[in-house]
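Here is the structure we will look at, set down as structure tokens.
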Amino acid sequence: MIENRFDTVVIGGGPSGIAAALRRRKRGENVLIIEQADHLGGKLDTYEWEGYKWDKGPSLFTLPNLVDELFTLYGKNPKDYFEYVLHDENCRYHFKDGTKFTFYSSAKKRQEELSKYFNQEEIDRVEKYISKIGKTYDAIGELFIGSPKLSFADAFKPKILKQYPKIVSRQMLFSMNDYNERLLKNEKLVQLFNRFGTYNGSNPYKMSGLYSMIPHLELNIGTFFPKGGMRSIVESLITLSKEQDVAIKLNEKNTKVIPQKDGYEISLEQETIYAKKVICAIDHVNFYKKVLKDDTLYNKHVKEERSTSAVVFYWAIEGKHDKVGLHNIIFSSDYKKEFKQLFEDKVLQDEPTIYIHNSSAVETNHAPDNGQNWFVMINAPAGVDIDDNQLEKLRQYLKKSIKNALNIDLEEKILHEENWHMRKIEKDTGSFTGSLYGGAFNTKTASFKRHGNQSKKYADLYFTGGSVHPGGGIPLVLKSAKIVDELIEKNG
């Protein structure tokens, strides 16, 4: 190999970029990953303070087989690199009226828990709903998340329609909220299942009911947690990449990709390299704006409605608090207003729903013996910065809400705090406007209009990661890497 020439160059070292590089390396290619930060991992980062450790970004782990697959691809035993544990407890839910219960993957435990608060008819609706979304996923899930993006016309071709003639007519054409109201009736259960719209940063009152299948992954398959925390996912893939001689260049903050007749010239801080193929594994809007410098495509895609950003507080908590599990939700009293403020008014919500991730509940070395590491998050509008006064107002709201819901007074228990919000997320991860999932899915046909995995304008330019098809979250970005690999092979 000539030192500055590669078969494939991957722009971006998040999990999808590493996965795409590993898949191309397995094909026998010379592969280079280029990353702007001083380490790989993207949003799968960590933050530490005096014995406390936080996973900085994603906290939910489903479909771990997609990580295992990258090791078995090389004939490796995944457990030699990476281990995870199945947790039957999905999430602890708290409502403003004092109702609180835990959701489980086990149908028996789930029904026993729900029987404390709901009648048998309501419980039966939940079980029927969970069964139905499982069937939906089995019927069409891989068409939407395991294959190249369908066009809107593809979805109605006879050979595809025959796989889901009854499913699409309802789930696709209703909003998620309308679909949930029809099937679940009870407003608390509707709110609970509407919440899954936030898994891709979207509005359950606007997005298609087709995405009602999102909770299938954790309710029918399971919620997992990696030993060592979420960062261990990417650490294991970095180890494998180095073993397989995937080249890596870090701290490249001014990368430019220039199309040539027979590939791409890539300008870096100190050198110029060449590649036959380029895989974009960063936010596609920023790629067009800063890396490829295609104003036409940038101006087209910058108009896309963005998914939510977030405000996260990393709190070092003194004491053990058994009421706080691995995943916890404190719901707002007016969910519809919350999403209106997020997507229409584009302001920080008056009363946001609160998510608390407490990895120390299962990973004891993430906090001292008499402490917990709380990751406290609210959804926030993309592209909207917040000032110190707003942060303080939000901080007080969080403390008050947690005291009301969990009876934990945090005034003297927060030993240390760091925060992460739109401006920092954009800077640290390259996510355009701090959006966590690229474009929002706030129309019935959003999945057909999402940016695809292959450029229509440039030969041998491909896209993977959370801003493109099939979407954000660890399972989907790993799926996108596999789709790209298969597209490259198909194209020859």
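This table checks each residue for (1) under 18 Å from residue 251 (Cβ atoms); (2) within 19 Å of the chain's Cα centre (by Cα).
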{"position": "21", "(1), (2)": "yes, no"}
{"position": "47", "(1), (2)": "no, yes"}
{"position": "62", "(1), (2)": "no, yes"}
{"position": "82", "(1), (2)": "no, no"}
{"position": "88", "(1), (2)": "no, no"}
{"position": "96", "(1), (2)": "no, no"}
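When residues in the range 473-487 are screened for being of a type in the set (A, V, I, L, M), within 15 Å of residue 8 (Cα to Cα) and in contact with a helix residue (DSSP H, G or I) (Cβ under 6 Å, 6 or more places away or on another chain), 2 of them pass. Exactly one residue out of 382, 459 is modelled with pLDDT of 95 or more and crowded, with 22+ Cβ neighbours inside 10 Å: that is 382.
Just to be sure, is residue 342 buried (at least 20 other Cβ atoms within 10 Å of the Cβ), within 24 Å of the chain's Cα centre (by Cα) and in a helix (DSSP H, G or I)? Yes, satisfied. Residue-level analysis places residue 421 among those that are within 25 Å of residue 358 (Cα to Cα), open to solvent by less than 10 Å² (accessible area, probe 1.4 Å) and of a type outside the set (Asp, Glu).
Screening the candidates 67, 126, 85 for the property of being buried (at least 21 other Cβ atoms within 10 Å of the Cβ) and within 24 Å of residue 478 (Cβ to Cβ) yields one hit, 67.
Here residue 27 meets the list (1) surrounded by 23 or more Cβ atoms within 10 Å (Cβ to Cβ); (2) more than 30 Å from residue 418 (Cβ to Cβ) almost entirely, failing just condition (1). The number of residues in the range 191-233 that are open to solvent by less than 10 Å² (accessible area, probe 1.4 Å) and of a type in the set (A, V, I, L, M, F, W, C) comes to 9.
Applying the condition of being more than 20 Å from the chain's Cα centre (by Cα) and assigned to a loop (DSSP other than H, G, I, E, B) to the range 446-492 and asking which residue is farthest from residue 344 (Cα to Cα) yields 492.
In the set (1) touching a Phe, Trp or Tyr at 6+ places or on another chain (Cβ under 7 Å); (2) at pLDDT below 95; (3) open to solvent by 20 Å² or more (accessible area, probe 1.4 Å); (4) not acidic (Asp, Glu), residue 443 fails one condition alone, (1).
Exactly one residue among 293, 276 is at pLDDT 95 or above, surrounded by fewer than 23 Cβ atoms within 10 Å (Cβ to Cβ) and assigned to a loop (DSSP other than H, G, I, E, B), and that residue is 293.
The values are calculated or read from the model by the stated rules, or taken from the named source; none is laboratory data. Nothing here was measured: the structure is a model prediction, and the numbers come from that model. Reconstructed Cβ throughout: ideal geometry from the backbone, glycine too, with neighbour counts over all protein chains shown. To get the accessible areas, we keep the full protein, side chains included, count just its heavy atoms, and leave off ligands, DNA and RNA. Shrake-Rupley method; radii C 1.70, N 1.55, O 1.52, S 1.80 Å.
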